[in-house]
Amino acid sequence: MARNIQSLERAAAMLRLLAGGERRLGLSDIASSLGLAKGTAHGILRTLQQEGFVEQDDASGRYQLGAELLRLGTTYLDVHELRARALVWTDDLARSSGESVYLGVLHQQGVLIVHHVFRPDDSRQVLEIGAMQPLHSTALGKVLSAYDPVAHSEALEADRKAFTDRTVCDLDGFEHILDMTRARGYAADVEETWEGVASVAAPIHDRRRMPVGAVGITGAVERLGRDGELRQELIAAVRDCARAVSRDLGAGRF
């Protein structure tokens with residue numbers, strides 16, 4: 001059996017102690033509560049402080065949980081709230097469109113799929129929750145890049161790889177697509193990431209009107225398109241779904 005890393009166990013115990021006890025604790029309190037030497041406890045606290053997980057009050061010298069840990073916790077809660085709020089609406093979108101529905105959020109210079117509703121037919125399908133998609137070529141990624149400044153910066157820094165001969169990789173072309181996305185309120189991917197596959201996606205906003213994710217449908221080009229254009233009723237259905245989830249998150253009307 002693999003051995004646990006003692007320093008990480010001690011750091012985790014320290015964070016739990018700070019989360020469950022008094023608002024602020026001194027070095028002696030932390031060391032005695034965990035059975036550690038003061039020097040050991042201080043070294044761990046100093047590392048956690050450098051990473052933003054712990055903060056030290058200048059006046060009292062006592063320690064408390066840091067903003068970075070709280071930010072990570074809020075992100076976790078936001079994603080789970082997003083999934084919970086989207087469940088009914090994404091199921092409805094899959095039924096009305098007849099296509100697979102994906103819910104994505106920004107993660108490590110890409111789009112993390114946090115919810116996937118299968119296409120409502122008898123075809124064999126693979127659950128893609130946890131899969132990553134590129135920001136620059138997918139409909140979900142373009143939406144996040146258009147509305148989220150952090151996603152935009154990460155898309156510019158990332159390697160914009162050409163997946164097909166339709167993938168737009170140059171900076172000017174990509175920025176033009178983002179301008180179109182903001183003007184139309186949705187993004188499209190027509191064989192830019194996968195041959196024969198098209199997608200449509202729209203942004204989801206929270207109560208602060210901040211972009212927190214994107215929802216979209218994906219399917220064969222011949223099903224999503226008609227006469228060389230994406231079907232307007234599918235675009236409208238995706239946008240309606242995004243608005244409904246946004247309203248449930250407190251964003252109000254868009």
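Filter segment 30-63 for residues that are surrounded by 16 or more Cβ atoms within 10 Å (Cβ to Cβ), over 11 Å from residue 10 (Cβ atoms) and touching a residue at least 24 places away in the same chain (Cβ under 8 Å) and give the result.
If the condition is that a residue be surrounded by 16 or more Cβ atoms within 10 Å (Cβ to Cβ), over 11 Å from residue 10 (Cβ atoms) and touching a residue at least 24 places away in the same chain (Cβ under 8 Å), then 53, 54, 62, 63 are the ones that fit.
Which condition does residue 208 not pass, out of (1) under 20 Å from residue 84 (Cβ atoms); (2) in contact with a His (Cβ under 9 Å, 6 or more places away or on another chain); (3) in a loop (DSSP other than H, G, I, E, B), if it passes all the others?
Failing condition for residue 208: (2).
Identify all residues within segment 216-251 that are outside any helix (DSSP H, G or I) and in contact with a strand residue (DSSP E or B) (Cβ under 8 Å, 6 or more places away or on another chain); write none if there are none.
Scanning segment 216-251 gives 216, 217, 218, 219, 220, 225, 230, 231, 249, 251.
Sort through 145, 153 and tell me the only one that's polar (S, T, N, Q) and modelled with pLDDT of 95 or more.
Sole residue among the options that is polar (S, T, N, Q) and modelled with pLDDT of 95 or more: 145.
Filter segment 145-162 down to residues that are of a type in the set (A, V, I, L, M, F, W, C) and surrounded by fewer than 18 Cβ atoms within 10 Å (Cβ to Cβ) and give me whichever is farthest from the chain's Cα centre (by Cα). Give the steps one after another, and end with the answer.
To start, the set of residues in segment 145-162 that are of a type in the set (A, V, I, L, M, F, W, C) comprises 146, 150-151, 155-156, 158, 162.
Now drop any that are not surrounded by fewer than 18 Cβ atoms within 10 Å (Cβ to Cβ), which leaves 150, 156, 158, 162.
Working: 150: 11, 156: 17, 158: 16, 162: 23 Å.
Filtering segment 145-162 for residues that are of a type in the set (A, V, I, L, M, F, W, C) and surrounded by fewer than 18 Cβ atoms within 10 Å (Cβ to Cβ), the one farthest from the chain's Cα centre (by Cα) comes out as 162.
In segment 1-43, how many are at pLDDT below 90 and among the β-branched types (Val, Ile, Thr)?
So the answer is 1.
If you check 151, 202, which single one turns out to be among the hydrophobic types (A, V, I, L, M, F, W, C) and either assigned to a strand (DSSP E or B) or under 21 Å from residue 235 (Cα atoms) (or both)?
202
For segment 98-140, what are the residues that are within 13 Å of residue 199 (Cα to Cα), of a type in the set (S, T, N, Q) and in contact with a Lys or Arg (Cβ under 9 Å, 6 or more places away or on another chain)?
Selection gives 100, 137.
Check off (1) open to solvent by 20 Å² or more (accessible area, probe 1.4 Å); (2) within 23 Å of the chain's Cα centre (by Cα); (3) in contact (Cβ under 8 Å) with a residue 12 or more places away in the chain for residue 230 and give me the number that stays unchecked.
Going through the list (1) open to solvent by 20 Å² or more (accessible area, probe 1.4 Å); (2) within 23 Å of the chain's Cα centre (by Cα); (3) in contact (Cβ under 8 Å) with a residue 12 or more places away in the chain, residue 230 breaks only (2).
Just give me the residues in segment 179-198 being among the small types (Gly, Ala, Ser) and touching a residue at least 12 places away in the same chain (Cβ under 8 Å), in sequence order.
Once the filter is applied, which keeps residues that are among the small types (Gly, Ala, Ser) and touching a residue at least 12 places away in the same chain (Cβ under 8 Å), segment 179-198 yields 185, 187, 188, 196, 198.
Does residue 46 meet the test of being at pLDDT 90 or above and of a type in the set (D, E, K, R)?
Numbers: at pLDDT 90 or above: yes; of a type in the set (D, E, K, R): yes.
Criteria met by residue 46.
Do any residues in segment 93-105 that are surrounded by fewer than 24 Cβ atoms within 10 Å (Cβ to Cβ) have Cβ atoms under 8 Å from those of residues that are of a type in the set (D, E, K, R), where the two are at least six apart or on different chains, and which pairs are they?
Short answer, once both residue conditions are applied: 94/119; 98/119; 98/121; 98/223; 100/119.
From (1) in contact with a strand residue (DSSP E or B) (Cβ under 7 Å, 6 or more places away or on another chain); (2) surrounded by fewer than 17 Cβ atoms within 10 Å (Cβ to Cβ), pick out the condition that doesn't hold for residue 165.
(1)
Here is a list: 177, 113, 129. Which entry is in contact with a helix residue (DSSP H, G or I) (Cβ under 7 Å, 6 or more places away or on another chain) and of a type outside the set (Gly, Ala, Ser)? Can you show your working first?
Working: 113 fails: in contact with a helix residue (DSSP H, G or I) (Cβ under 7 Å, 6 or more places away or on another chain); 129 fails: in contact with a helix residue (DSSP H, G or I) (Cβ under 7 Å, 6 or more places away or on another chain).
177 is the lone residue from the list that is in contact with a helix residue (DSSP H, G or I) (Cβ under 7 Å, 6 or more places away or on another chain) and of a type outside the set (Gly, Ala, Ser).
Which one is nearest to residue 181 (Cα to Cα), of the residues in segment 132-144 that are open to solvent by less than 50 Å² (accessible area, probe 1.4 Å) and aliphatic (A, V, I, L, M)?
My answer is 143.
The values are calculated or read from the model by the stated rules, or taken from the named source; none is laboratory data. Just so we're clear, the structure is a prediction, and the values are computed from it rather than from any experiment. Heads up, the Cβs are rebuilt from the backbone with ideal geometry, glycines too, and the neighbour counts pull from every protein chain shown. Note: accessible area is taken over every heavy atom of the protein model, side chains too, but ligands, DNA and RNA are not part of it. Shrake-Rupley method; radii C 1.70, N 1.55, O 1.52, S 1.80 Å.
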